[in-house]
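Asker: Here it is: the structure, laid out below.
The values are calculated or read from the model by the stated rules, or taken from the named source; none is laboratory data. All values derive from a computational prediction rather than experimental measurement. Cβ placement follows ideal geometry from the backbone for every residue including glycine, while neighbour counts extend to all protein chains displayed. Keep in mind that these areas ignore ligands, DNA and RNA; they rest on the heavy atoms of the full protein, side chains included. Shrake-Rupley method; radii C 1.70, N 1.55, O 1.52, S 1.80 Å.
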Amino acid sequence: MTRILPHDDQHAFATRSVHAGQVVEPLAGAVMTPIYQTSTYVQDGLGRHRGYEYARTQNPTREALERNVASLEGGSHGLAFGSGLAALDALLKLLRSGDHVVCGDNVYGGTQRLMEQVYAGLGLRFTFVDMRDVKNVERALTPATRMVYCETPTNPMMNLVDLAAVGDLTQAHGYLFVVDNTFATPFFQRPLEYGADVVLHSTTKYLNGHSDMVGGLLVVSRDDLAERLGFIQNAAGGVPGPMDCWLALRGLKTLPLRMRQHDANGRRIAAWLAGRKDVPKVYYPGLPSHPQHDLAGRQMTGFGGMISIDLGEPDRARRMVEATKIFALAESLGGVESLIGHPATMTHAAVPVAMRQTMGLTDSLVRLSCGIEDADDLIQDLDRALAAP
Ligand SMILES: *Cc1c(COP(=O)(O)O)cnc(C)c1O
């Protein structure tokens, strides 16, 4: 099969987002990667096949998606999964009973749940630390530490982790450094360039961008990791179906366009919120008032559409999330449509209360996923909802 575009880094991001990893379909020359909706492939003879035997192991639609995201992240291998958490599940299977993981204390609720309520029971050990300060990571290391795991920006507090600092530390000691890049996407931040070994995505969010599938992806640039994770992907079988891969691949073609608009809307709305006296706290790395704004400028090229605000009173938060008309009250984020959520009772309900409190995840916190609608309409919607009786 002829490649439309070789899987290399000679083309700019926007070109790769449309073309990378895709091949000309051999039967009719279809320009778009078909949905290979099949569980198996005919073999030419005993022991002779075309590289495809069974769809848990290989699927051309999935492979196109894996190559595309690997190219955007600047990695060499991508591995797609049925959800972001299935990707994390495969990743944790790299470890053995007794191994220790240092993890950011403000990660996606389901990430914390999988670690503490599933893998801790199988003998892995986890320490959750505030990774805004790399010294907290250093202090948490033990002789059994194998992995350092973070999100940046974090969900929902929008804290940043200094990728270069943690990258240096983990490379010096040989720890596996994993970054969940779901919030920033490779359009704004590429952790592999800072020493990360693995990038994790919930493709459900910005990469697909249209809130119409659930998926996950790992990107690596080390062959040994790609081989082991590929083995786990097939052995444990948490793979996505071809239709969902196709949707994600389609979404990725407009990733740069969408991210630019999410970012423009995010910046305008955050600045507008920061100017309101009745919004005590606005968390957005693009605001000069964000304590890590300089770091954001160093390791990110944009800030996206995720904003958290603390309204001070839980009841005001409840009234606001129930009053918006364009922002839909829903879990998830990163779609073209704006969403509003209440992390304490929705996305982060599984996080222990004490842990929520230390990180500032209060009952009056509201999270916004700013979509790509007209910014004035979005502001008007929030303005009305903030005044809700
Ligand atoms: C949603 C999300 C996940 C989990 O992904 P699923 O696709 O829902 O399994 C992991 N990390 C972050 C930052 C997320 O937002």
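Asker: Return the pair list, or none, for Cβ contacts closer than 7 Å from residues in segment 259-276 that are in contact (Cβ under 8 Å) with a residue 60 or more places away in the chain to residues that are among the hydroxyl-bearing types (S, T, Y), at least 6 apart or on different chains.
Answerer: Listed by first residue and then by second, the contacts come to M259/T185; M259/Y206; G266/Y284.
Asker: Hey, any hits in segment 269-284 for a residue that's surrounded by 16 or more Cβ atoms within 10 Å (Cβ to Cβ) and part of a loop (DSSP other than H, G, I, E, B)?
Answerer: Yes.
Asker: Do the conditions hold for L94, that is, is it closer than 20 Å to V220 by Cα and open to solvent by 20 Å² or more (accessible area, probe 1.4 Å)? Step through it out loud before you land on a result.
Answerer: Numbers: closer than 20 Å to V220 by Cα: yes; open to solvent by 20 Å² or more (accessible area, probe 1.4 Å): yes.
It is true that L94 is closer than 20 Å to V220 by Cα and open to solvent by 20 Å² or more (accessible area, probe 1.4 Å).
Asker: Within the set of pairs 6+ apart or on separate chains, which have a first residue in segment 97-122 that is of a type in the set (F, W, Y), a second that is surrounded by 18 or more Cβ atoms within 10 Å (Cβ to Cβ), and C-beta atoms under 6 Å apart?
Answerer: Y108/N155; Y119/L92
For (1) away from the ligand (no atom under 16 Å from the Cβ); (2) at pLDDT below 95; (3) in contact with a strand residue (DSSP E or B) (Cβ under 8 Å, 6 or more places away or on another chain); (4) part of a loop (DSSP other than H, G, I, E, B), each residue gets a yes or a no:
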{"site": "H201", "(1), (2), (3), (4)": "no, no, yes, no"}
{"site": "Y206", "(1), (2), (3), (4)": "no, no, no, yes"}
{"site": "H210", "(1), (2), (3), (4)": "no, no, no, yes"}
{"site": "V219", "(1), (2), (3), (4)": "no, no, yes, no"}
{"site": "L225", "(1), (2), (3), (4)": "yes, no, yes, no"}
{"site": "R228", "(1), (2), (3), (4)": "yes, no, no, no"}
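Asker: Any idea which of R356, R367, R384 is within 15 Å of the ligand (Cβ to nearest atom) and among the basic types (K, R)?
Answerer: Only one candidate passes the filter, namely R367.
Asker: Quick one: is D89 of a type in the set (D, E), closer than 30 Å to S17 by Cβ and over 13 Å from the mean Cα position of the chain (by Cα)?
Answerer: yes
Asker: Within segment 239-268, how many residues turn out to be over 19 Å from F187 (Cβ atoms) and open to solvent by less than 30 Å² (accessible area, probe 1.4 Å)?
Answerer: Looking only at that region, the number is 3.
Asker: Which members of segment 323-337 meet the condition of being away from the ligand (no atom under 16 Å from the Cβ) and either open to solvent by less than 20 Å² (accessible area, probe 1.4 Å) or in contact with an Asp or Glu (Cβ under 6 Å, 6 or more places away or on another chain) (or both)?
Answerer: Hits for segment 323-337 are T324, K325, I326, F327.
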